[in-house]
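Step one of this worksheet: look at the structure below.
The values are calculated or read from the model by the stated rules, or taken from the named source; none is laboratory data. Note that the structure is predicted; figures quoted are calculated from it, not measured. Cβ placement follows ideal geometry from the backbone for every residue including glycine, while neighbour counts extend to all protein chains displayed.
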Amino acid sequence: MISQSIPRRLFRFSLLFAGFLALFQADRLSQRVHSQETRQPAGNGPAGKRPNVVLIVSDDQAWTDYGFMGHAHLRTPNLDRLARESLTFRRGYVPASLCCPSLATILTGRFPHQHKITSNDPPAVPGLAGKNFQESEAFKVGRERMNQHLRAVPTLPGVLKEQGYLTLQTGKFWQGHYSHGGFTHGMTQGSRHGDDGLQIGRKTMKPIEEFIDTATQQDKPWMIWYAPMLPHDPHNAPAKYLERTRPLAPSETVAKYWANVEWFDDTIGELMRIIESKDPTNNTLIVYVTDNGWIQDPANPRYAPKSKQSPYDGGVRTPILVRWPGKIAAQQSTDFAHSIDLMPTILKAIGVDAPKDLPGIDLLDVQATSQRKIIFGECFTHNANNLDVPKENLRWRWAIQGKWKLIVPNTAIEKDGVVELYDLQADPTEERNLASTNRQLVEDLGEEIDAWWPECSRSR
Ligand SMILES: [Ca+2]
(Lines give C-alpha, C1' and ligand atoms only; values in the text may rest on other atoms or scores of the structure.)
Protein backbone atom coordinates (compact mmCIF):
# COMPACT_ATOMS: atom_id res chain seq x y z
CA MET A 1 0.00 0.00 0.00
CA ILE A 2 2.70 2.46 1.03
CA SER A 3 4.76 1.86 -2.09
CA GLN A 4 1.71 2.79 -4.19
CA SER A 5 0.54 5.79 -2.24
CA ILE A 6 3.84 7.69 -2.24
CA PRO A 7 4.18 7.90 -6.03
CA ARG A 8 0.52 8.90 -6.22
CA ARG A 9 1.11 11.72 -3.80
CA LEU A 10 4.13 12.77 -5.82
CA PHE A 11 2.01 12.77 -8.98
CA ARG A 12 -0.64 14.86 -7.30
CA PHE A 13 1.92 17.28 -5.95
CA SER A 14 3.63 17.67 -9.32
CA LEU A 15 0.26 18.28 -11.02
CA LEU A 16 -0.69 20.83 -8.41
CA PHE A 17 2.67 22.54 -8.79
CA ALA A 18 2.31 22.62 -12.59
CA GLY A 19 -1.15 24.10 -12.16
CA PHE A 20 0.08 26.87 -9.88
CA LEU A 21 2.96 27.60 -12.26
CA ALA A 22 0.50 27.89 -15.13
CA LEU A 23 -1.73 30.23 -13.13
CA PHE A 24 1.19 32.39 -12.09
CA GLN A 25 2.39 32.70 -15.68
CA ALA A 26 -1.15 33.31 -16.93
CA ASP A 27 -1.71 36.10 -14.42
CA ARG A 28 1.55 37.78 -15.36
CA LEU A 29 0.59 37.57 -19.03
CA SER A 30 -2.90 38.92 -18.49
CA GLN A 31 -1.57 41.89 -16.54
CA ARG A 32 0.75 42.72 -19.38
CA VAL A 33 -1.75 42.53 -22.19
CA HIS A 34 -4.98 43.87 -20.74
CA SER A 35 -6.37 46.50 -23.04
CA GLN A 36 -9.58 48.40 -23.52
CA GLU A 37 -9.30 49.31 -27.18
CA THR A 38 -12.41 48.98 -29.26
CA ARG A 39 -13.27 45.49 -30.35
CA GLN A 40 -16.07 46.33 -32.76
CA PRO A 41 -15.79 44.96 -36.29
CA ALA A 42 -15.90 47.60 -38.99
CA GLY A 43 -18.70 46.12 -41.09
CA ASN A 44 -18.63 43.14 -43.37
CA GLY A 45 -15.75 41.76 -45.37
CA PRO A 46 -14.39 42.49 -48.83
CA ALA A 47 -17.05 44.00 -51.14
CA GLY A 48 -19.57 43.78 -48.29
CA LYS A 49 -19.42 39.98 -48.30
CA ARG A 50 -20.78 38.36 -45.17
CA PRO A 51 -18.11 36.45 -43.31
CA ASN A 52 -17.91 32.73 -42.96
CA VAL A 53 -18.16 31.39 -39.42
CA VAL A 54 -16.26 28.55 -37.75
CA LEU A 55 -17.04 27.31 -34.26
CA ILE A 56 -14.22 25.21 -32.83
CA VAL A 57 -15.30 23.22 -29.78
CA SER A 58 -12.68 21.30 -27.88
CA ASP A 59 -13.94 18.28 -25.94
CA ASP A 60 -12.78 17.54 -22.37
CA GLN A 61 -9.77 19.84 -21.97
CA ALA A 62 -8.73 21.79 -18.86
CA TRP A 63 -8.41 25.55 -19.19
CA THR A 64 -4.73 25.33 -18.20
CA ASP A 65 -3.79 22.88 -20.94
CA TYR A 66 -2.49 25.17 -23.67
CA GLY A 67 0.83 26.78 -24.38
CA PHE A 68 -0.80 30.21 -24.41
CA MET A 69 -2.39 29.59 -21.03
CA GLY A 70 1.04 28.93 -19.57
CA HIS A 71 1.29 25.15 -19.44
CA ALA A 72 4.82 24.09 -18.66
CA HIS A 73 5.02 21.12 -21.04
CA LEU A 74 2.21 21.02 -23.56
CA ARG A 75 2.93 22.27 -27.06
CA THR A 76 -0.10 23.79 -28.79
CA PRO A 77 1.43 26.03 -31.49
CA ASN A 78 -1.73 26.19 -33.61
CA LEU A 79 -4.02 27.17 -30.76
CA ASP A 80 -1.32 29.56 -29.52
CA ARG A 81 -1.35 31.25 -32.93
CA LEU A 82 -5.14 31.40 -32.91
CA ALA A 83 -5.01 33.04 -29.47
CA ARG A 84 -2.38 35.55 -30.63
CA GLU A 85 -4.62 36.57 -33.51
CA SER A 86 -7.85 36.65 -31.47
CA LEU A 87 -9.68 38.66 -28.93
CA THR A 88 -8.78 36.23 -26.16
CA PHE A 89 -10.73 35.86 -22.94
CA ARG A 90 -8.63 34.00 -20.41
CA ARG A 91 -11.53 33.78 -17.96
CA GLY A 92 -14.11 32.05 -20.10
CA TYR A 93 -16.75 29.72 -18.71
CA VAL A 94 -19.33 27.21 -19.79
CA PRO A 95 -22.39 26.76 -17.55
CA ALA A 96 -22.23 22.98 -17.23
CA SER A 97 -19.31 20.55 -17.04
CA LEU A 98 -21.03 17.91 -19.11
CA CYS A 99 -20.89 17.61 -22.89
CA CYS A 100 -24.51 17.47 -24.09
CA PRO A 101 -25.97 20.42 -22.16
CA SER A 102 -22.84 22.48 -22.78
CA LEU A 103 -22.99 21.92 -26.54
CA ALA A 104 -26.71 22.77 -26.54
CA THR A 105 -25.84 26.06 -24.81
CA ILE A 106 -23.22 26.89 -27.44
CA LEU A 107 -25.75 26.11 -30.19
CA THR A 108 -28.64 28.09 -28.68
CA GLY A 109 -27.12 30.84 -26.48
CA ARG A 110 -29.31 29.69 -23.57
CA PHE A 111 -28.60 28.18 -20.18
CA PRO A 112 -29.46 24.47 -19.86
CA HIS A 113 -32.43 25.26 -17.61
CA GLN A 114 -33.73 27.43 -20.46
CA HIS A 115 -33.22 25.04 -23.37
CA LYS A 116 -33.99 22.09 -21.06
CA ILE A 117 -31.22 19.81 -22.30
CA THR A 118 -29.59 19.36 -18.90
CA SER A 119 -28.03 15.91 -19.05
CA ASN A 120 -26.09 13.65 -21.39
CA ASP A 121 -28.69 10.89 -21.45
CA PRO A 122 -32.35 10.19 -20.66
CA PRO A 123 -33.36 8.63 -17.33
CA ALA A 124 -31.59 5.37 -16.54
CA VAL A 125 -33.60 2.18 -16.78
CA PRO A 126 -33.03 -0.34 -13.97
CA GLY A 127 -31.30 -3.43 -15.26
CA LEU A 128 -30.13 -1.83 -18.50
CA ALA A 129 -26.59 -0.54 -18.90
CA GLY A 130 -24.24 0.58 -21.67
CA LYS A 131 -25.23 -0.52 -25.14
CA ASN A 132 -28.36 -2.31 -23.90
CA PHE A 133 -29.62 0.94 -22.44
CA GLN A 134 -28.58 3.03 -25.43
CA GLU A 135 -30.39 0.70 -27.81
CA SER A 136 -33.55 0.48 -25.70
CA GLU A 137 -36.89 2.01 -26.62
CA ALA A 138 -36.83 4.12 -23.45
CA PHE A 139 -33.52 5.65 -24.51
CA LYS A 140 -34.79 6.44 -28.02
CA VAL A 141 -37.99 8.01 -26.71
CA GLY A 142 -36.02 10.04 -24.16
CA ARG A 143 -33.47 11.18 -26.73
CA GLU A 144 -36.27 12.28 -29.03
CA ARG A 145 -37.74 14.32 -26.19
CA MET A 146 -34.36 16.04 -25.79
CA ASN A 147 -34.24 16.62 -29.55
CA GLN A 148 -37.64 18.31 -29.37
CA HIS A 149 -36.24 20.71 -26.79
CA LEU A 150 -33.48 21.71 -29.21
CA ARG A 151 -35.91 22.14 -32.07
CA ALA A 152 -38.11 24.37 -29.89
CA VAL A 153 -35.53 27.20 -29.75
CA PRO A 154 -33.56 29.04 -32.43
CA THR A 155 -30.06 27.70 -32.99
CA LEU A 156 -27.08 29.57 -34.35
CA PRO A 157 -26.83 27.35 -37.47
CA GLY A 158 -30.61 27.65 -37.96
CA VAL A 159 -30.53 31.44 -37.83
CA LEU A 160 -27.59 31.50 -40.24
CA LYS A 161 -29.43 29.11 -42.56
CA GLU A 162 -32.32 31.58 -42.70
CA GLN A 163 -29.77 34.19 -43.71
CA GLY A 164 -28.67 32.14 -46.71
CA TYR A 165 -25.68 30.39 -45.14
CA LEU A 166 -24.78 26.79 -45.75
CA THR A 167 -24.04 25.22 -42.35
CA LEU A 168 -21.99 22.08 -41.67
CA GLN A 169 -22.04 19.86 -38.58
CA THR A 170 -18.95 17.76 -37.85
CA GLY A 171 -17.92 16.00 -34.63
CA LYS A 172 -19.96 15.85 -31.47
CA PHE A 173 -23.70 16.38 -31.79
CA TRP A 174 -26.19 14.77 -29.41
CA GLN A 175 -29.60 15.77 -30.71
CA GLY A 176 -30.19 13.19 -33.41
CA HIS A 177 -29.82 14.02 -37.09
CA TYR A 178 -27.70 17.09 -37.83
CA SER A 179 -30.71 18.86 -39.33
CA HIS A 180 -32.22 19.10 -35.82
CA GLY A 181 -29.56 21.68 -35.02
CA GLY A 182 -30.39 23.78 -38.06
CA PHE A 183 -27.50 22.46 -40.16
CA THR A 184 -27.91 22.19 -43.91
CA HIS A 185 -25.06 19.69 -44.14
CA GLY A 186 -23.60 17.30 -41.62
CA MET A 187 -22.04 14.00 -40.69
CA THR A 188 -24.11 12.82 -37.72
CA GLN A 189 -27.10 10.65 -38.57
CA GLY A 190 -28.55 10.34 -35.09
CA SER A 191 -26.86 7.85 -32.76
CA ARG A 192 -26.09 9.09 -29.25
CA HIS A 193 -23.30 11.69 -29.44
CA GLY A 194 -22.22 11.85 -33.04
CA ASP A 195 -21.73 8.50 -34.91
CA ASP A 196 -20.03 9.29 -38.26
CA GLY A 197 -19.35 12.84 -37.10
CA LEU A 198 -16.80 11.55 -34.60
CA GLN A 199 -14.39 10.71 -37.41
CA ILE A 200 -13.68 14.38 -37.98
CA GLY A 201 -10.20 15.36 -36.86
CA ARG A 202 -9.35 11.84 -35.74
CA LYS A 203 -9.60 10.25 -39.17
CA THR A 204 -10.48 12.83 -41.78
CA MET A 205 -10.93 16.52 -42.59
CA LYS A 206 -12.32 15.84 -46.04
CA PRO A 207 -16.00 16.66 -45.27
CA ILE A 208 -14.90 20.19 -44.37
CA GLU A 209 -12.96 20.70 -47.59
CA GLU A 210 -15.80 19.33 -49.70
CA PHE A 211 -18.37 21.45 -47.88
CA ILE A 212 -16.45 24.69 -48.41
CA ASP A 213 -16.08 23.80 -52.10
CA THR A 214 -19.85 23.25 -52.31
CA ALA A 215 -20.62 26.59 -50.65
CA THR A 216 -18.08 28.38 -52.84
CA GLN A 217 -19.60 26.89 -55.99
CA GLN A 218 -23.01 28.17 -54.85
CA ASP A 219 -21.49 31.52 -53.88
CA LYS A 220 -22.92 31.24 -50.37
CA PRO A 221 -21.37 32.14 -47.02
CA TRP A 222 -20.75 29.11 -44.83
CA MET A 223 -20.63 28.10 -41.20
CA ILE A 224 -18.79 25.10 -39.77
CA TRP A 225 -19.27 23.35 -36.42
CA TYR A 226 -15.92 21.69 -35.73
CA ALA A 227 -16.36 19.66 -32.53
CA PRO A 228 -14.05 16.65 -32.86
CA MET A 229 -14.00 14.13 -30.02
CA LEU A 230 -10.57 15.48 -29.00
CA PRO A 231 -8.78 15.54 -26.68
CA HIS A 232 -11.68 13.45 -25.28
CA ASP A 233 -10.87 9.80 -24.63
CA PRO A 234 -9.99 7.34 -26.02
CA HIS A 235 -6.56 8.82 -25.38
CA ASN A 236 -5.08 6.94 -28.30
CA ALA A 237 -3.12 9.57 -30.22
CA PRO A 238 -0.67 8.30 -32.85
CA ALA A 239 2.66 7.14 -31.43
CA LYS A 240 4.62 10.27 -32.41
CA TYR A 241 2.61 12.37 -29.93
CA LEU A 242 3.00 9.92 -27.07
CA GLU A 243 6.72 9.60 -27.72
CA ARG A 244 7.04 13.35 -27.12
CA THR A 245 4.83 13.62 -24.04
CA ARG A 246 5.88 10.43 -22.23
CA PRO A 247 9.26 11.69 -20.94
CA LEU A 248 7.63 14.91 -19.70
CA ALA A 249 4.51 13.61 -18.03
CA PRO A 250 4.23 12.46 -14.40
CA SER A 251 2.43 9.26 -15.41
CA GLU A 252 1.40 7.20 -18.42
CA THR A 253 -2.25 8.28 -18.24
CA VAL A 254 -1.23 11.94 -18.18
CA ALA A 255 1.17 11.35 -21.09
CA LYS A 256 -1.70 9.84 -23.10
CA TYR A 257 -4.05 12.74 -22.33
CA TRP A 258 -1.35 15.24 -23.23
CA ALA A 259 -0.71 13.36 -26.49
CA ASN A 260 -4.39 13.79 -27.37
CA VAL A 261 -4.19 17.53 -26.61
CA GLU A 262 -1.27 17.89 -29.02
CA TRP A 263 -3.02 15.75 -31.61
CA PHE A 264 -6.09 18.00 -31.32
CA ASP A 265 -3.86 21.04 -31.77
CA ASP A 266 -2.45 19.56 -34.98
CA THR A 267 -6.00 19.20 -36.34
CA ILE A 268 -6.50 22.93 -35.67
CA GLY A 269 -3.43 23.58 -37.83
CA GLU A 270 -4.96 21.47 -40.58
CA LEU A 271 -8.32 23.24 -40.21
CA MET A 272 -6.61 26.64 -40.50
CA ARG A 273 -4.70 25.52 -43.60
CA ILE A 274 -7.97 24.45 -45.22
CA ILE A 275 -9.76 27.69 -44.30
CA GLU A 276 -6.90 29.91 -45.42
CA SER A 277 -6.44 28.09 -48.70
CA LYS A 278 -10.16 28.17 -49.54
CA ASP A 279 -10.88 31.66 -48.19
CA PRO A 280 -7.89 33.71 -49.33
CA THR A 281 -9.65 36.96 -48.33
CA ASN A 282 -9.53 35.78 -44.69
CA ASN A 283 -13.15 36.78 -44.23
CA THR A 284 -13.86 34.09 -41.66
CA LEU A 285 -14.94 34.65 -38.08
CA ILE A 286 -13.55 31.89 -35.86
CA VAL A 287 -14.68 31.26 -32.30
CA TYR A 288 -13.03 28.80 -29.93
CA VAL A 289 -14.37 27.26 -26.72
CA THR A 290 -14.15 23.98 -24.79
CA ASP A 291 -17.35 22.16 -23.89
CA ASN A 292 -16.06 21.13 -20.45
CA GLY A 293 -12.82 20.58 -18.59
CA TRP A 294 -10.79 17.47 -17.88
CA ILE A 295 -8.05 16.96 -15.30
CA GLN A 296 -6.37 13.65 -15.89
CA ASP A 297 -6.14 11.31 -12.92
CA PRO A 298 -2.47 10.29 -12.94
CA ALA A 299 -3.21 6.85 -11.56
CA ASN A 300 -5.98 5.63 -13.86
CA PRO A 301 -7.63 6.56 -17.17
CA ARG A 302 -10.44 8.52 -15.51
CA TYR A 303 -10.70 12.23 -14.76
CA ALA A 304 -9.85 13.75 -11.40
CA PRO A 305 -12.78 14.68 -9.13
CA LYS A 306 -12.58 18.47 -9.49
CA SER A 307 -12.94 18.51 -13.26
CA LYS A 308 -15.56 17.06 -15.63
CA GLN A 309 -19.04 16.77 -14.10
CA SER A 310 -18.06 19.08 -11.22
CA PRO A 311 -18.84 22.76 -10.59
CA TYR A 312 -15.13 23.56 -10.08
CA ASP A 313 -13.03 25.52 -12.55
CA GLY A 314 -11.44 22.26 -13.73
CA GLY A 315 -14.88 21.46 -15.15
CA VAL A 316 -16.33 24.79 -16.26
CA ARG A 317 -13.49 27.18 -17.15
CA THR A 318 -12.13 27.56 -20.68
CA PRO A 319 -10.33 30.15 -22.76
CA ILE A 320 -12.69 31.74 -25.29
CA LEU A 321 -11.23 33.15 -28.51
CA VAL A 322 -12.84 35.31 -31.19
CA ARG A 323 -10.84 35.88 -34.39
CA TRP A 324 -11.70 37.85 -37.51
CA PRO A 325 -8.58 39.21 -39.21
CA GLY A 326 -8.73 42.92 -39.95
CA LYS A 327 -12.06 43.27 -38.16
CA ILE A 328 -11.50 42.35 -34.53
CA ALA A 329 -8.35 43.60 -32.83
CA ALA A 330 -6.17 40.84 -31.42
CA GLN A 331 -5.88 41.47 -27.70
CA GLN A 332 -6.35 39.74 -24.38
CA SER A 333 -9.06 40.57 -21.93
CA THR A 334 -9.43 39.78 -18.26
CA ASP A 335 -13.21 40.28 -18.44
CA PHE A 336 -15.46 37.25 -18.09
CA ALA A 337 -16.69 35.50 -21.22
CA HIS A 338 -19.36 32.83 -21.19
CA SER A 339 -20.56 30.33 -23.77
CA ILE A 340 -24.04 31.94 -23.63
CA ASP A 341 -22.35 34.95 -25.25
CA LEU A 342 -21.20 33.17 -28.40
CA MET A 343 -24.46 33.21 -30.36
CA PRO A 344 -25.25 36.90 -29.73
CA THR A 345 -21.62 37.84 -30.38
CA ILE A 346 -21.41 36.03 -33.70
CA LEU A 347 -24.79 37.27 -34.93
CA LYS A 348 -24.06 40.88 -33.94
CA ALA A 349 -20.64 40.76 -35.60
CA ILE A 350 -22.10 39.71 -38.92
CA GLY A 351 -25.05 42.08 -38.74
CA VAL A 352 -27.86 39.63 -38.00
CA ASP A 353 -30.45 40.20 -35.28
CA ALA A 354 -30.19 37.71 -32.42
CA PRO A 355 -33.33 36.40 -30.65
CA LYS A 356 -34.29 39.12 -28.18
CA ASP A 357 -34.50 36.87 -25.11
CA LEU A 358 -30.95 35.50 -25.11
CA PRO A 359 -29.20 35.91 -21.74
CA GLY A 360 -25.70 36.50 -23.12
CA ILE A 361 -23.91 39.67 -24.16
CA ASP A 362 -21.88 40.80 -27.16
CA LEU A 363 -18.25 39.98 -26.35
CA LEU A 364 -17.10 42.67 -28.80
CA ASP A 365 -18.81 45.33 -26.70
CA VAL A 366 -16.14 46.46 -24.23
CA GLN A 367 -18.64 48.30 -22.11
CA ALA A 368 -20.87 45.25 -21.79
CA THR A 369 -18.07 42.87 -20.84
CA SER A 370 -16.41 45.29 -18.42
CA GLN A 371 -19.69 46.10 -16.70
CA ARG A 372 -20.74 42.50 -16.20
CA LYS A 373 -19.49 41.69 -12.72
CA ILE A 374 -21.01 38.27 -12.13
CA ILE A 375 -21.53 35.09 -14.15
CA PHE A 376 -23.57 31.97 -13.44
CA GLY A 377 -23.67 28.28 -14.19
CA GLU A 378 -25.43 25.05 -13.31
CA CYS A 379 -24.43 21.41 -13.28
CA PHE A 380 -26.81 18.50 -13.68
CA THR A 381 -26.96 14.74 -13.38
CA HIS A 382 -25.40 12.65 -16.17
CA ASN A 383 -28.73 10.90 -16.76
CA ALA A 384 -31.78 13.10 -16.40
CA ASN A 385 -34.37 12.31 -13.76
CA ASN A 386 -37.01 14.35 -15.56
CA LEU A 387 -36.50 15.45 -19.17
CA ASP A 388 -38.97 18.30 -18.89
CA VAL A 389 -38.20 19.76 -15.45
CA PRO A 390 -34.57 20.94 -15.26
CA LYS A 391 -34.52 21.52 -11.52
CA GLU A 392 -35.19 17.84 -10.90
CA ASN A 393 -31.79 17.11 -12.47
CA LEU A 394 -29.88 19.90 -10.75
CA ARG A 395 -26.76 19.11 -8.71
CA TRP A 396 -25.21 22.55 -8.21
CA ARG A 397 -25.62 26.18 -9.21
CA TRP A 398 -22.56 28.42 -9.14
CA ALA A 399 -21.64 32.09 -9.50
CA ILE A 400 -18.36 33.96 -9.84
CA GLN A 401 -18.02 37.60 -8.89
CA GLY A 402 -14.51 39.01 -9.08
CA LYS A 403 -12.28 36.51 -7.31
CA TRP A 404 -15.11 34.86 -5.37
CA LYS A 405 -16.93 31.72 -6.41
CA LEU A 406 -20.00 30.37 -4.68
CA ILE A 407 -21.27 26.83 -5.24
CA VAL A 408 -24.75 26.00 -3.99
CA PRO A 409 -25.74 22.32 -3.94
CA ASN A 410 -29.23 21.05 -4.62
CA THR A 411 -29.45 18.91 -1.49
CA ALA A 412 -32.39 16.97 -2.90
CA ILE A 413 -29.78 15.28 -5.12
CA GLU A 414 -26.45 16.15 -3.49
CA LYS A 415 -27.48 14.82 -0.07
CA ASP A 416 -24.13 15.59 1.58
CA GLY A 417 -23.57 18.81 -0.35
CA VAL A 418 -22.58 21.99 1.47
CA VAL A 419 -22.36 25.58 0.30
CA GLU A 420 -18.81 26.29 -0.86
CA LEU A 421 -17.05 29.62 -1.24
CA TYR A 422 -13.62 29.95 -2.82
CA ASP A 423 -11.15 32.74 -3.38
CA LEU A 424 -10.09 31.82 -6.93
CA GLN A 425 -7.16 34.19 -6.86
CA ALA A 426 -5.52 32.76 -3.74
CA ASP A 427 -6.88 29.25 -4.19
CA PRO A 428 -7.37 28.50 -7.90
CA THR A 429 -7.75 24.77 -7.37
CA GLU A 430 -10.62 25.38 -4.92
CA GLU A 431 -9.27 23.52 -1.90
CA ARG A 432 -10.21 25.84 1.00
CA ASN A 433 -13.94 26.39 1.56
CA LEU A 434 -14.28 29.85 3.12
CA ALA A 435 -18.08 29.82 3.45
CA SER A 436 -18.15 29.59 7.25
CA THR A 437 -15.99 32.68 7.72
CA ASN A 438 -17.66 34.88 5.06
CA ARG A 439 -21.36 34.48 5.81
CA GLN A 440 -22.46 37.85 4.43
CA LEU A 441 -20.71 37.23 1.12
CA VAL A 442 -22.29 33.77 0.93
CA GLU A 443 -25.69 35.36 1.53
CA ASP A 444 -25.16 38.10 -1.06
CA LEU A 445 -23.94 35.75 -3.77
CA GLY A 446 -26.65 33.25 -2.85
CA GLU A 447 -29.28 35.92 -3.43
CA GLU A 448 -27.75 36.69 -6.82
CA ILE A 449 -27.94 33.00 -7.75
CA ASP A 450 -31.55 32.80 -6.61
CA ALA A 451 -32.45 35.90 -8.61
CA TRP A 452 -30.80 34.40 -11.69
CA TRP A 453 -32.79 31.14 -11.50
CA PRO A 454 -35.62 31.82 -9.02
CA GLU A 455 -37.31 28.46 -9.47
CA CYS A 456 -34.48 26.85 -7.53
CA SER A 457 -34.24 29.43 -4.74
CA ARG A 458 -32.59 28.15 -1.59
CA SER A 459 -35.70 28.88 0.48
CA ARG A 460 -37.93 26.65 -1.65
CA1 LIG B 1 -17.01 17.07 -23.33
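Residue-by-condition table, conditions (1) of a type in the set (S, T, N, Q); (2) surrounded by 15 or more Cβ atoms within 10 Å (Cβ to Cβ):
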position: 204; (1), (2): yes, no
position: 225; (1), (2): no, yes
position: 254; (1), (2): no, yes
position: 280; (1), (2): no, no
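For segment 287-303, filtered to residues that are crowded, with 19+ Cβ neighbours inside 10 Å and either away from the ligand (no atom under 15 Å from the Cβ) or of a type in the set (A, V, I, L, M, F, W, C) (or both), the residue that is nearest to residue 101 (Cα to Cα) is 289. Being at negative phi, touching a strand residue (DSSP E or B) at 6+ places or on another chain (Cβ under 8 Å) and not in a helix (DSSP H, G or I) is a description that does not apply to residue 449.
Within segment 33-52, can one find any residue that is at pLDDT 95 or above, away from the ligand (no atom under 16 Å from the Cβ) and surrounded by fewer than 20 Cβ atoms within 10 Å (Cβ to Cβ)? Taking every residue of segment 33-52 in turn, none turns out to be at pLDDT 95 or above, away from the ligand (no atom under 16 Å from the Cβ) and surrounded by fewer than 20 Cβ atoms within 10 Å (Cβ to Cβ). Every test in (1) buried (at least 18 other Cβ atoms within 10 Å of the Cβ); (2) free of Cβ contacts under 8 Å to residues at least 60 places away in the same chain is passed by residue 268 save one, and that test is (2).
Cβ separations smaller than 7 Å between residues 6+ apart or across chains give the following pairs from segment 289-302 residues that are closer than 30 Å to residue 343 by Cβ and touching a residue at least 24 places away in the same chain (Cβ under 8 Å) to residues that are basic (Lys, Arg) and more than 9 Å from the ligand (Cβ to nearest atom): 293/317; 295/306. Figure legend. Inter-residue proximity from segment 430-455: first residues surrounded by fewer than 15 Cβ atoms within 10 Å (Cβ to Cβ), second residues part of a helix (DSSP H, G or I), beta-carbon distance below 6 Å, spacing 6+ or different chains. Indicated pairs: 455/391. How many residues are in a helix (DSSP H, G or I) and within 21 Å of residue 98 (Cβ to Cβ) when one looks only at segment 142-177? Looking only at that region, the number is 11. Screening 76, 108, 167 for residues that are touching a residue at least 40 places away in the same chain (Cβ under 8 Å) and closer than 30 Å to residue 425 by Cα leaves exactly one candidate, 76.
Residue check: is residue 408 free of Cβ contacts under 8 Å to residues at least 12 places away in the same chain and more than 21 Å from the chain's Cα centre (by Cα)? No. Could you pull out the residue among 224, 200, 212 that is away from the ligand (no atom under 16 Å from the Cβ), on the phi < 0 side of the Ramachandran plot and in contact with a Ser or Thr (Cβ under 8 Å, 6 or more places away or on another chain)? None of the other options fit; the residue is 224.
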